[in-house]
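The values are calculated or read from the model by the stated rules, or taken from the named source; none is laboratory data. In this text, all values refer to a predicted model and were calculated from it rather than measured experimentally. Note that we place each Cβ from the backbone using ideal geometry, even for glycine, and neighbour counts take in every protein chain shown.
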Amino acid sequence: MKSTLPGSAQLRSELVRKIEVCELELPVLPDIASRVLALCQDQDGDPRQLGELIQRDPALAGNVLRIANSAAYAPREPIVSLQQAVSRLGMTTMGDLAIAASVNGKSTSIKGREKEMRVLRTHAAATGVWSREVARQRRRNVEAAFLTGLLHDIGRAIVLRTVIDLARDATVEESVLQGLVDEFHASVGSRLVERWKLPHWISAAIDGHHDITRAAEHSDLAATVMLGDELAHWSESPDAEHDAALRALPILGVLGIYPEDLDELLARRELVEKTTKAFA
Amino acid sequence: MNAVPEHFDFVVLGGGPAGHKAAVQGAKAGKRVLLVEREARIGGECVHRGTIPSKTLRESAVYFAGLRKRAANLAPQGVGRQVLVTSLMQRLESVEQAHERYLENQLVRNHVELRQSRAAFVSPSEVELVDVNGGKARVTGDTIVIATGSRPRAPSDVPIDHERVLDSDSILSMIYLPQSLIVMGAGVIASEFATIFQSLGVQVVMVDKGERPLGFLDPEISDRFVSRFERDGGRYIGGVKHESVTNDLITGVTVKLSDGRTLNAERALVALGRTASVRGLNLGAAGLAVNDRGFITVDVNGQTATPHIYAVGDVVGPPALATSSMDQGRRAVRHALGLENHVATTTIPVGVYTIPEIASVGLTETEAVKRHGRAVVGRARFDEIARGHINGETDGLLKLVCDPEGRQILGAHVIGEGATELVHLAQIAMIAGLEVETFVDNIFNFPTLAEAYRVAALDVVGHRMHLRAVG
């Protein structure tokens, strides 16, 4: 694409201004997702209620049935009802699904960039699943890693949409566009999940998934997601060059992951891909 | 890899309490010391996964339990499932960082070289170091100290997935409090977590093959622990083994027991002991092996079967306490340097950070009777102590175990808040050889829980007089 107006510096300063004065259009967490999340965390929440709630949202209901029947959960017989699906997947997974549905919904759809957004969603799911495996490898609880991995790049679509809107009819160099997305997606994503009232550690770790010092006391989780992110990229093309780059990552030192630990992780690729396919 | 291995006077493997103190001790003697730590941060399990994180969570649980006790009508029965576990461990990072900084400063000040690597013996004096990116280097040491710590034991028939079936490391990174928890095991870690989560409103069941939890304690103390645990809503099932552990997404974790019972809970904690972290160390090349309990065998100075190699801390097995590990680290290096070591103390107190705390030093009543034929025992219940009433800690107990003449203190056992501090009075009395009258003849502050010593000592004196009267 050829750039004329506005200039990249102008775009950047306008984007920074919008972020600073909270003028970004942040999508709301879909009502159904917040209610599913609340029910999953409710001490008295029962699976039957959850099934009924999901039924009200055809898109989420379809997603749930698809995932329950996917290779990741390998049902012996096809699952045909939501009640069966909820029983099969459990309350915690339902909470994850509600978040996944949000990632797959309006928050990551941009007209004219459907393919890019699809890639982004697949990468988000892959990062969630890989982050979960990194946590498991290090004997850390896996739930936090999955959720944060799933949401780590949620800011990309928002920055992209904002910059496209700012440019109005003018064309913008793709490199300029991606540069701005790379620079601001972590902090914008962090703001979004804060607005969704998700736990603070998720927003902190998202903010720090390229620079773990930004995650303060949640740097361990941010480091886990940073490696999950890298593994998701590796998984797309696991060639020798990518493999060597992966083994040289400084984040391995932070996480205390040695070559033999990494080998054990990489051996889980097939399983990870099966689960990713279900969530993406 | 370096063609000629770099040489050090001391190579210390592991940067937890034992390794850290060993390294500093060596450096203080002017020796060239290398400390090898596999993690990015020093401090070991104690700082990052064990003692400090669990005690931080415990503080919240104690606060909540106290609130419930003092204002039963106002406080809710649990903190609620929506509460994030991390929010109950606030200040953890700052506590960890402060402690880590202190440890690092000590290393820097004493010129200890620190490397993040994994180590493997190539020969008794040579160690290969592999860094996280696969870079290799070899080092040799006149003395090598193994202080690689321990990790939770993972029985092959228990599917620990760190999601629903957790170990003592992963349970601390759980997001939300579960509604119910099965604790498999009844040792220190199991008992501490069982009471912490119960105090936070989680329904907890402890299961173990032992008839009573904390089997090393005086039975009177562990019985009191169980009755308090059960009175507060927990359950202890002893004398059973797990037949199977399954993990179903909707029903949670199911544990089938050897007596035919089936337990079900949202989460399970597997705390069935710890095992030495020696994976990849290639102990065979150093002429060493682990014993039948999975630990490295050492003498009183930490010396292994290969004389210039020492092992200290959790890697040698119980007591596996941070304080005893530090002492072992210093002791091993002093021995290697040919310096005199103080006589190894046998009066190391044991502190169990359950709710309420438990502490013990010296012989139990059973051990004293076995060794001396008879023991004179004095008790002080905290409901006899003014401070116990003020604190709402009336169900505590202090038990003094004395020799058959009722004069020398052989052991002290305490259950109740403040127990881990209280026990030190008995420890010092035992080390100094003070007679039990010391607690009768001297005056303590009022009102304090330390008064329990005076009450227990008077009880001992009373029993002694009775024994004398009956001949």
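Quick rundown of the values:
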{"item": "Output for the range B:136-157, where each listed residue is within 14 Å of another protein chain (Cβ to nearest Cβ) and either within 30 Å of B:Phe197 (Cα to Cα) or without any contact (Cβ under 8 Å) to a residue 12 or more places away in the chain (or both)", "result": "B:Thr148, B:Gly149, B:Ser150, B:Arg151, B:Pro152, B:Arg153, B:Ala154"}
{"item": "Residues within the range B:46-56 that are hydrophobic (A, V, I, L, M, F, W, C) and buried (at least 22 other Cβ atoms within 10 Å of the Cβ), tallied", "result": "2"}
{"item": "Members of the range A:136-151 that are within 9 Å of chain B (Cβ to nearest Cβ), more than 19 Å from A:Asp207 (Cβ to Cβ) and in a helix (DSSP H, G or I)", "result": "A:Arg136, A:Val142, A:Glu143"}
{"item": "Test: residue in the range A:198-217 that is modelled with pLDDT under 95, out of contact with any helix residue (DSSP H, G or I) (no Cβ under 7 Å at 6 or more places or on another chain) and either away from every other protein chain (no Cβ under 14 Å) or closer than 17 Å to A:Thr127 by Cα (or both)", "result": "no"}
{"item": "Filter pass, B:Gly388 being over 17 Å from the mean Cα position of the chain (by Cα) and in a helix (DSSP H, G or I)", "result": "yes"}
{"item": "Whichever residue in the range B:158-197 is surrounded by fewer than 22 Cβ atoms within 10 Å (Cβ to Cβ) and among the polar types (S, T, N, Q) and, among such residues, is nearest to the other protein chains (Cβ to nearest Cβ)", "result": "B:Gln179"}
{"item": "Residue within the range B:310-327 that is part of a loop (DSSP other than H, G, I, E, B) and modelled with pLDDT of 95 or more present", "result": "yes"}
{"item": "Search result, residues across the range B:211-254 that are touching a Pro at 6+ places or on another chain (Cβ under 7 Å) and among the polar types (S, T, N, Q)", "result": "B:Ser222, B:Asn247"}
{"item": "Strands (runs of 3 or more DSSP E) wholly inside the range B:133-201 that include at least 2 residues being more than 23 Å from B:Tyr236 (Cα to Cα)", "result": "B:136-146, B:150-152"}
{"item": "Of residues in the range B:106-135 being of a type in the set (D, E, K, R) and over 18 Å from B:Arg279 (Cβ atoms), the one surrounded by the most Cβ atoms within 10 Å (Cβ to Cβ)", "result": "B:Glu126"}
{"item": "Among residues of the range B:328-362, those that are hydrophobic (A, V, I, L, M, F, W, C) and either touching a Cys at 6+ places or on another chain (Cβ under 7 Å) or modelled with pLDDT under 95 (or both), counted", "result": "7"}
{"item": "B:Thr275, sole failed condition from (1) touching a residue at least 60 places away in the same chain (Cβ under 8 Å); (2) touching a Gly at 6+ places or on another chain (Cβ under 7 Å); (3) over 30 Å from B:Asp223 (Cα atoms)", "result": "(3)"}
{"item": "Failed item, numbered, when B:Ala429 is tested on (1) outside any helix (DSSP H, G or I); (2) out of contact with any Leu (no Cβ under 6 Å at 6 or more places or on another chain)", "result": "(1)"}
{"item": "One residue from B:Gly134, B:Gly141, B:Gly80 being modelled with pLDDT under 95 and farther than 30 Å from A:Leu39 by Cα", "result": "B:Gly134"}
{"item": "Hits in the range B:313-329 - residues which are within 18 Å of B:Pro152 (Cα to Cα) and in contact (Cβ under 8 Å) with a residue 12 or more places away in the chain", "result": "B:Gly313, B:Asp314, B:Val315, B:Val316, B:Gly317, B:Pro319, B:Ala320, B:Leu321, B:Ala322, B:Ser325"}
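To keep it simple, each residue is scored yes or no on (1) within 26 Å of B:Arg49 (Cβ to Cβ); (2) polar (S, T, N, Q); (3) part of a helix (DSSP H, G or I).
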position: A:Ser131; (1), (2), (3): yes, yes, yes
position: A:Ile158; (1), (2), (3): no, no, yes
position: A:Val172; (1), (2), (3): no, no, no
position: A:Ala186; (1), (2), (3): no, no, yes
position: A:Trp201; (1), (2), (3): yes, no, yes
position: A:Ala204; (1), (2), (3): yes, no, yes
position: A:Thr213; (1), (2), (3): yes, yes, yes
position: A:Gly228; (1), (2), (3): yes, no, yes
position: A:Ala232; (1), (2), (3): no, no, yes
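Okay, residues lined up against (1) over 16 Å from B:Ser117 (Cα atoms); (2) of a type in the set (A, V, I, L, M, F, W, C); (3) surrounded by fewer than 24 Cβ atoms within 10 Å (Cβ to Cβ):
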| position | (1), (2), (3) |
| --- | --- |
| B:Asn2 | no, no, yes |
| B:Leu13 | no, yes, no |
| B:Gly16 | no, no, no |
| B:Gly19 | no, no, no |
| B:Ala22 | yes, yes, no |
| B:Ala29 | yes, yes, yes |
| B:Arg38 | no, no, yes |
| B:Gly44 | no, no, no |
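Residues are listed down the side, and each one gets a yes or a no for (1) under 23 Å from A:Leu150 (Cβ atoms); (2) touching a residue at least 40 places away in the same chain (Cβ under 8 Å); (3) within 12 Å of another protein chain (Cβ to nearest Cβ):
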residue: A:Glu241; (1), (2), (3): no, no, no
residue: A:Pro250; (1), (2), (3): no, no, yes
residue: A:Gly253; (1), (2), (3): no, no, yes
residue: A:Leu262; (1), (2), (3): yes, no, yes
residue: A:Arg268; (1), (2), (3): yes, yes, no
residue: A:Val272; (1), (2), (3): yes, yes, no
residue: A:Thr276; (1), (2), (3): yes, yes, no
